[in-house]
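A short write-up of the structure that comes next.
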Amino acid sequence: MGSDVTLRISVVMCTYNGARYLREQLDTILGQTYPVYEVIVQDDGSRDETFPILEEYAKKYPVIKIYHNESGLHGINGNFFSAMARAEGDYIAISDQDDIWEKDKLRLQAEAIGDHLLCSAFSVPFSTTGYPVKIDNRIPNTHLLRNNYVCELPGHSMLFRRELLQYIWGGEEWPLYYDCQLMNAAAAAESVVFLPRQLVHFRRHADAATAALPINNHLLSKGAWEYIKLSLLHHSALQRQVRRRFEVMLPFMEKLPFDTRSRRDAVYMGKLQLGHGPVVFVKKVLFFLRHSRHLFHAEVPNPVIRTLRAAFFVYSCGYYYRGQI
């Protein structure tokens, strides 16, 4: 990107009963050092002062365009699918209603994205209410194989090309979250860039739609043996959850048009995860050993530890969904 080129960036925010923190986030968007083409805000039937605040800001700042959902509550997925479709910019940046952006967020991501489909950066959790948070400064794994299990990049950290929307499946009934679809589509194209800068301050509080207590899943943590024991003890139940995951993920992967090694490997892995029997089990172990660098949240530099973790991944991959058994 040349220094004289300005990207047309649409910021897309969805709101629901967010009056408490909304003004602060709107101010950080409007205070960006990079020009914002438009701010699309779509409300999902708030019952507090959210929409009056939006009307106040829209009247003062013409760049802000506000919408009510046309029929009923859409939920997080449906609301974002609908709101993103309204964006007219060539690039879209997702915003939560209660976060805080660094003033250079859009400028740094606009400079970093280059020819890639998607750019992300560190999102740092914080709380002003005593809600527990966990900060992880490791560079996240953006490879498609990892992100088929756990989406490593949250939507509120993303800047992406609008053309990426043509690869995601909308509809309120589709169970795969919008940001997971965006991340996996870009990763399937091998077109993700991660900027190792703290650009979003991700507010954690009990009223947030995505509120969840932080959990340490690191295999070498104090609870490693508990992790191993639970993965083995509940393997059958956890594997059913893995298969449910790939019943959704595999069709999505198969429909993507990108002829890349990452996508081919992901499709093969998805078929293995939907298979049964001892032969399939052995094939999965061998696959995970071959792709040991692509399976975990962050790089595991010790080759022995990485190999052991990869061999056990046939069990531990189900641990991500243990809360559903």
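Here Leu289 fulfils each of the conditions (1) at pLDDT 95 or above; (2) under 21 Å from the mean Cα position of the chain (by Cα); (3) more than 18 Å from Ala188 (Cα to Cα) apart from (2). The sole residue among Cys119, Cys180 that is closer than 27 Å to Tyr21 by Cα and free of Cβ contacts under 8 Å to residues at least 60 places away in the same chain is Cys180. Here the condition is being at pLDDT 95 or above, closer than 23 Å to His297 by Cα and either of a type in the set (Ser, Thr, Tyr) or touching a helix residue (DSSP H, G or I) at 6+ places or on another chain (Cβ under 9 Å) (or both); of Leu106, Leu118, Leu165, it holds for Leu118 alone.
Gly130 meets each of the listed conditions (1) in contact (Cβ under 8 Å) with a residue 60 or more places away in the chain; (2) at positive phi apart from (1). Looking across the stretch 179-205, just one residue is closer than 18 Å to His143 by Cα, part of a strand (DSSP E or B) and in contact with a Phe, Trp or Tyr (Cβ under 7 Å, 6 or more places away or on another chain), and that is Pro196.
Checked against the criterion of being in contact with a Lys or Arg (Cβ under 8 Å, 6 or more places away or on another chain) and either within 25 Å of Ala110 (Cβ to Cβ) or touching a residue at least 12 places away in the same chain (Cβ under 8 Å) (or both), the candidates Thr28, Thr15, Thr50 yield just one match: Thr28. When the stretch 4-52 is filtered for residues that are out of contact with any Ser or Thr (no Cβ under 7 Å at 6 or more places or on another chain), part of a loop (DSSP other than H, G, I, E, B) and either basic (Lys, Arg) or within 27 Å of Ala112 (Cβ to Cβ) (or both), the ones remaining, listed by number, are Asp4, Val5, Thr6, Leu7, Arg8, Gly31, Gln32, Thr33, Tyr34, Val36, Arg47.
Condition check ((1) in contact with a Cys (Cβ under 9 Å, 6 or more places away or on another chain); (2) within 20 Å of His201 (Cα to Cα); (3) of a type in the set (Asp, Glu)) across all residues:
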{"position": "Ala110", "(1), (2), (3)": "yes, yes, no"}
{"position": "Gly114", "(1), (2), (3)": "no, no, no"}
{"position": "Phe126", "(1), (2), (3)": "no, yes, no"}
{"position": "Arg138", "(1), (2), (3)": "no, yes, no"}
{"position": "Leu145", "(1), (2), (3)": "no, no, no"}
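Tell me the residue from Leu176, Leu153 that is surrounded by fewer than 22 Cβ atoms within 10 Å (Cβ to Cβ), on the phi < 0 side of the Ramachandran plot, in a loop (DSSP other than H, G, I, E, B) and of a type in the set (A, V, I, L, M), please. Reasoning before the result, please.
Working: Leu153 fails: surrounded by fewer than 22 Cβ atoms within 10 Å (Cβ to Cβ).
Going through Leu176, Leu153 in turn, just one is surrounded by fewer than 22 Cβ atoms within 10 Å (Cβ to Cβ), on the phi < 0 side of the Ramachandran plot, in a loop (DSSP other than H, G, I, E, B) and of a type in the set (A, V, I, L, M): Leu176.
Yes or no, residue by residue, for (1) touching a Phe, Trp or Tyr at 6+ places or on another chain (Cβ under 7 Å); (2) surrounded by 15 or more Cβ atoms within 10 Å (Cβ to Cβ); (3) assigned to a helix (DSSP H, G or I):
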site	(1), (2), (3)
Leu54	no, yes, yes
Lys59	no, no, yes
Asn77	yes, yes, yes
Phe80	yes, yes, yes
Met84	no, yes, yes
Gly89	yes, yes, no
Ala112	no, yes, yes
Asp115	no, no, no
Ser120	yes, yes, no
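Residues of the stretch 134-144 being open to solvent by 60 Å² or more (accessible area, probe 1.4 Å) and either in contact (Cβ under 8 Å) with a residue 40 or more places away in the chain or among the small types (Gly, Ala, Ser) (or both), which ones? Within the stretch 134-144, Lys134, Arg138, Ile139 meet the criteria.
With out of contact with any His (no Cβ under 6 Å at 6 or more places or on another chain) and free of Cβ contacts under 8 Å to residues at least 24 places away in the same chain as the only criterion, which of Ala58, Ala110 stands out? It would help to see each step written out before you state the result.
Numbers: Ala110 fails: free of Cβ contacts under 8 Å to residues at least 24 places away in the same chain.
Result of the check over Ala58, Ala110: Ala58.
Can you pull out every residue in the stretch 262-282 that is within 26 Å of Ala189 (Cβ to Cβ) and either of a type in the set (A, V, I, L, M, F, W, C) or without any contact (Cβ under 8 Å) to a residue 60 or more places away in the chain (or both)? Before the answer, list the steps.
Let us first name the residues in the stretch 262-282 that are within 26 Å of Ala189 (Cβ to Cβ), namely 262-274.
Matches in the stretch 262-282: Arg264, Ala266, Val267, Tyr268, Met269, Lys271, Leu272, Gln273, Leu274.
Against the numbered list (1) among the hydrophobic types (A, V, I, L, M, F, W, C); (2) at pLDDT 95 or above; (3) open to solvent by 30 Å² or more (accessible area, probe 1.4 Å), Val39 comes up short only at (3).
The values are calculated or read from the model by the stated rules, or taken from the named source; none is laboratory data. What you see is a predicted model; the values in this text were computed from it and never measured. Neighbour counts run over all protein chains shown; Cβ positions are idealised from the backbone, glycine included. Ligands, DNA and RNA are excluded from the accessible area calculation, which covers all protein heavy atoms including side chains. Shrake-Rupley method; radii C 1.70, N 1.55, O 1.52, S 1.80 Å.
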